[in-house]
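Q: Below is the structure I would like to discuss, written out as structure tokens.
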Amino acid sequence: MSDDITAIMLTLKLACITSIILLIIATPLAWKLARWQHKAKHYVLAVVALPLILPPTVLGFYLLLLFSPQNAVGQIWQDFTGQQLAFSFSGLVLGSVVYSLPFAVQPLYASFVQLDGRYLDVATTLGMSKWSRFRRIVIPSCKPAFMVALGLTFAHTIGEFGVVLMIGGNIPGETQVLSIALFEHVEALEYEQAHALAFGMLVFSFMMMALLYRFNRGGGTSWTLK
Amino acid sequence: MGLQRVLLLIISLGVSGQSFGQSSQVNIAVAANFAEPVKEIAQNFHRQTGIKPVISIGSSGTLFAQISHGAPFDLFLSADALRPEKLVQQGKASDLHTYAKGRLALVTRGKSLASLNAFFTHPQFTKPVAIANPKLAPYGVAAMETLAHFFNDNEPWPFTLVQGKSVAQTYQYFQAGNVDVALVALSLTAKTQGDVFAIPSQYHSPIVQKLVLLKGADHTDEAKRFIDYLLSPQIQSTLQEWGYAPVTDE
């Protein structure tokens, strides 16, 4: 049971760190994409959306190969940190950031596209700087999208399984997250403990989604979160 | 129009799915470590008897869960003894037999092994070691028992223990270059580019792989013929090539 508590804490830590990193990455990315017009835009959007449809094992498999010290990325990381990327918490964070990227970018993108450019134009003529335009106009008017992006990323990372199964190595306190602990209970025929974790996760996911729909500006009319 | 197409698809799936229940075949659920040998054995069996084995590969734990909930298999070839015995206890299976004994191997990269002791007790031995999860895989239990010969339980071990969900995934960690040392099934290491050292069997308790005939099987007769074939001395003598010890008695 104490292993399960450790797994829960580790999962929460992973989800928090991933959400914060993704918010920092996804905001400028979504902003650029929303303003960008180019022939190649479809391809860039497709790349960002890939983790939505790829089986997580595909992503996990390539990350495993990439993280290997026989590869440039794994080698550079090991030289810098002295630590191996596969089977480490840092590796999981990196994997989760890639895996949840569309969940952060897409709500922000949709919201930025819909934002009326005239507000920003007026603000510019009034002499507002770029940063204060973003802080005082974009953030307040897109607040629901930020909440949704944060919430979806968080929830998606909590439920992450396939990627971690491939690159984690099941080390308690380091890479043994909730879904892996659950998988282990099921495989080891410990159905009672599996039930406890699975049901907890079900309730949590339900509450998270209900909360997100409340935040969503569409109120009761829209089903897709944006 | 779209709906019609979907319905047609569902119907055709249903029809093709029925062939699963027809005669002259046997549906076998097999643990991943024995998948390669069983494929070849099944081919020969098919040639000799005309009965077609249909093989589903999974980890023993997953297959056990599926069988407990009515998966339509006739035979279950587990990686351990515990799960088949449990199915017999629950009245869901019969005809419990040992069909192979697994062997453990150490795979490493870049240095050939003089002795296990020298390898593990080398002061610079701090690299991560990959084993199968001992809670899930009998090869993981054997790996832990082997390591316990060289390392004390009371002090922290000088390396990180990385666990794969199965012995196949553990081997994958080694093959992909993420670890340089792994303890896996000897049966997996045939095509490795690393150095293989077969662990002497006295280092761990035997890895006994058992099979059972499942109750409510659609092809009981075919399944029994497959069991006889698999346990025949002629097939058992080939298991050594695959990295297993044959079953001598029982």
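Q: Counting only residues that are without any contact (Cβ under 8 Å) to a residue 40 or more places away in the chain and not hydrophobic (A, V, I, L, M, F, W, C), give me the strands (runs of 3 or more DSSP E) lying completely in the stretch B:137-250 with at least 2 of them.
A: Working: elements: B:161-164, B:181-185, B:195-198, B:207-214.
Fully inside the stretch B:137-250 and qualifying: B:161-164.
Q: Could you list all residues from the stretch B:71-101 that are within 29 Å of B:Gly194 (Cα to Cα) and either within 14 Å of another protein chain (Cβ to nearest Cβ) or touching a Gly at 6+ places or on another chain (Cβ under 8 Å) (or both)?
A: Passing the criteria: B:Ser78, B:Ala79, B:Asp80.
Q: Determine, yes or no, whether B:Leu116 is within 17 Å of the chain's Cα centre (by Cα), closer than 21 Å to B:Tyr203 by Cα and not aromatic (Phe, Trp, Tyr). Break it down stepwise before answering.
A: Details: within 17 Å of the chain's Cα centre (by Cα): no; closer than 21 Å to B:Tyr203 by Cα: yes; not aromatic (Phe, Trp, Tyr): yes.
Criteria not met by B:Leu116.
Q: Taking B:Ala182 and the conditions (1) modelled with pLDDT of 90 or more; (2) closer than 17 Å to B:Val38 by Cα, which numbered condition does it fall short on, given that it satisfies the others?
A: It fails just one condition, (2).
Q: Conditions first: (1) at pLDDT below 85; (2) within 14 Å of chain A (Cβ to nearest Cβ); (3) in a loop (DSSP other than H, G, I, E, B). B:Ala114 passes all but one, so which condition is the exception?
A: The number of the failed condition is (2).
Q: Right, next: Looking at (1) more than 12 Å from chain B (Cβ to nearest Cβ); (2) of a type in the set (Phe, Trp, Tyr); (3) surrounded by 13 or more Cβ atoms within 10 Å (Cβ to Cβ), find the lone condition where A:Phe61 falls short.
A: Going through the list (1) more than 12 Å from chain B (Cβ to nearest Cβ); (2) of a type in the set (Phe, Trp, Tyr); (3) surrounded by 13 or more Cβ atoms within 10 Å (Cβ to Cβ), A:Phe61 breaks only (1).
Q: Something else: Can you name the residue in the stretch A:91-123 that is among the small types (Gly, Ala, Ser) and more than 14 Å from every other protein chain (Cβ to nearest Cβ) and, of all such residues, is farthest from B:Val129 (Cα to Cα)? Walk me through how you get there before you give the answer.
A: So in the stretch A:91-123, the residues among the small types (Gly, Ala, Ser) come out as A:91, A:95-96, A:100, A:104, A:110-111, A:117, A:123.
Filter once more, so that each one left must be more than 14 Å from every other protein chain (Cβ to nearest Cβ): A:96, A:100, A:104, A:110-111, A:117, A:123.
Working: A:Ser96: 24, A:Ser100: 30, A:Ala104: 36, A:Ala110: 46, A:Ser111: 48, A:Gly117: 57, A:Ala123: 60 Å.
So, considering only residues that are among the small types (Gly, Ala, Ser) and more than 14 Å from every other protein chain (Cβ to nearest Cβ), the one farthest from B:Val129 (Cα to Cα) is A:Ala123.
Q: Could you list, in sequence order, the residues of the stretch B:136-160 that are in contact with a Gly (Cβ under 9 Å, 6 or more places away or on another chain) and surrounded by fewer than 20 Cβ atoms within 10 Å (Cβ to Cβ)? Lay out the reasoning, then the answer.
A: To start, the set of residues in the stretch B:136-160 that are in contact with a Gly (Cβ under 9 Å, 6 or more places away or on another chain) comprises B:136-140, B:142, B:160.
If the condition is that a residue be in contact with a Gly (Cβ under 9 Å, 6 or more places away or on another chain) and surrounded by fewer than 20 Cβ atoms within 10 Å (Cβ to Cβ), then B:Thr160 is the only one that fits.
Q: Another question, then. Mind listing whichever residues of the stretch A:170-210 are more than 21 Å from B:Lys86 (Cβ to Cβ), part of a helix (DSSP H, G or I) and within 9 Å of chain B (Cβ to nearest Cβ)?
A: The one that is more than 21 Å from B:Lys86 (Cβ to Cβ), part of a helix (DSSP H, G or I) and within 9 Å of chain B (Cβ to nearest Cβ): A:Ile180.
Q: Based on what the data block shows, is A:Val148 under 27 Å from B:Ala176 (Cα atoms), crowded, with 23+ Cβ neighbours inside 10 Å and either within 17 Å of the chain's Cα centre (by Cα) or more than 9 Å from every other protein chain (Cβ to nearest Cβ) (or both)? Reasoning before the result, please.
A: Values: under 27 Å from B:Ala176 (Cα atoms): no; crowded, with 23+ Cβ neighbours inside 10 Å: yes; either within 17 Å of the chain's Cα centre (by Cα) or more than 9 Å from every other protein chain (Cβ to nearest Cβ) (or both): yes.
No, not satisfied.
Q: While we're looking at this one, here's another question. Can you give me the number of residues within the stretch B:134-188 that are of a type in the set (Phe, Trp, Tyr), more than 13 Å from chain A (Cβ to nearest Cβ) and over 12 Å from the mean Cα position of the chain (by Cα)? If you could, list the steps in order and put the result at the bottom.
A: Taking the stretch B:134-188 and keeping what is of a type in the set (Phe, Trp, Tyr), we get B:139, B:150-151, B:157, B:159, B:171, B:173-174.
Going one step further and asking which of them are more than 13 Å from chain A (Cβ to nearest Cβ), we end up with B:139, B:150-151.
Subset that is over 12 Å from the mean Cα position of the chain (by Cα): B:150-151.
Going through the stretch B:134-188 one residue at a time, the tally reaches 2.
Q: Same structure again: Can you go through B:Val30, B:Val88, B:Val54 and tell me which one is surrounded by fewer than 21 Cβ atoms within 10 Å (Cβ to Cβ), outside any helix (DSSP H, G or I) and modelled with pLDDT of 90 or more? Walk me through how you get there before you give the answer.
A: Values: B:Val30 fails: surrounded by fewer than 21 Cβ atoms within 10 Å (Cβ to Cβ); B:Val88 fails: outside any helix (DSSP H, G or I).
Result: B:Val54 is the single residue among B:Val30, B:Val88, B:Val54 that is surrounded by fewer than 21 Cβ atoms within 10 Å (Cβ to Cβ), outside any helix (DSSP H, G or I) and modelled with pLDDT of 90 or more.
Q: Looking only at the stretch A:64-90, count every residue that is more than 10 Å from every other protein chain (Cβ to nearest Cβ) and in contact (Cβ under 8 Å) with a residue 24 or more places away in the chain and tell me the total.
A: The number of residues fulfilling the criteria is 1.
Q: OK, next. Consider B:Gln234 carefully, then state whether it is farther than 23 Å from B:Ala93 by Cβ, more than 14 Å from chain A (Cβ to nearest Cβ) and out of contact with any Ser or Thr (no Cβ under 6 Å at 6 or more places or on another chain). Spell out how you get there, then give the answer.
A: Working: farther than 23 Å from B:Ala93 by Cβ: yes; more than 14 Å from chain A (Cβ to nearest Cβ): yes; out of contact with any Ser or Thr (no Cβ under 6 Å at 6 or more places or on another chain): yes.
Yes, satisfied.
Q: Just the residues that are small (Gly, Ala, Ser) and either more than 14 Å from B:Leu214 (Cβ to Cβ) or within 11 Å of chain A (Cβ to nearest Cβ) (or both), please, taken from the stretch B:53-70.
A: Of all residues in the stretch B:53-70, those small (Gly, Ala, Ser) come to B:56, B:58-61, B:65, B:68, B:70.
Selection gives B:Gly58, B:Ser59, B:Ser60, B:Gly61, B:Ala65, B:Ser68.
Q: All but one of (1) in contact with a Lys or Arg (Cβ under 8 Å, 6 or more places away or on another chain); (2) loosely packed, with under 15 Cβ neighbours inside 10 Å hold for A:Arg135; which doesn't?
A: (1)
Q: Would you confirm, using the coordinates I've provided, whether A:Ile25 is β-branched (Val, Ile, Thr) and over 17 Å from the mean Cα position of the chain (by Cα)? It would help to see each step written out before you state the result.
A: On the way: β-branched (Val, Ile, Thr): yes; over 17 Å from the mean Cα position of the chain (by Cα): no.
It is false that A:Ile25 is β-branched (Val, Ile, Thr) and over 17 Å from the mean Cα position of the chain (by Cα).
Q: Between residues in the stretch B:55-73 that are under 18 Å from B:Gln25 (Cα atoms) and residues that are modelled with pLDDT of 85 or more and not hydrophobic (A, V, I, L, M, F, W, C), which pairs lie under 6 Å by C-beta distance while being six or more apart or on different chains?
A: Cβ pairs passing all conditions: B:Phe73/B:Asn27.
Q: So A:Ala155 ticks every box in (1) within 14 Å of chain B (Cβ to nearest Cβ); (2) outside any loop (DSSP other than H, G, I, E, B) but one. Which box is left unticked?
A: So the condition that A:Ala155 fails would be (1).
The values are calculated or read from the model by the stated rules, or taken from the named source; none is laboratory data. A quick note: this is a predicted structure, and the numbers were derived from the prediction, not measured. Here Cβ is always computed from backbone atoms with ideal geometry, including for glycine, and neighbour counts include all displayed protein chains.
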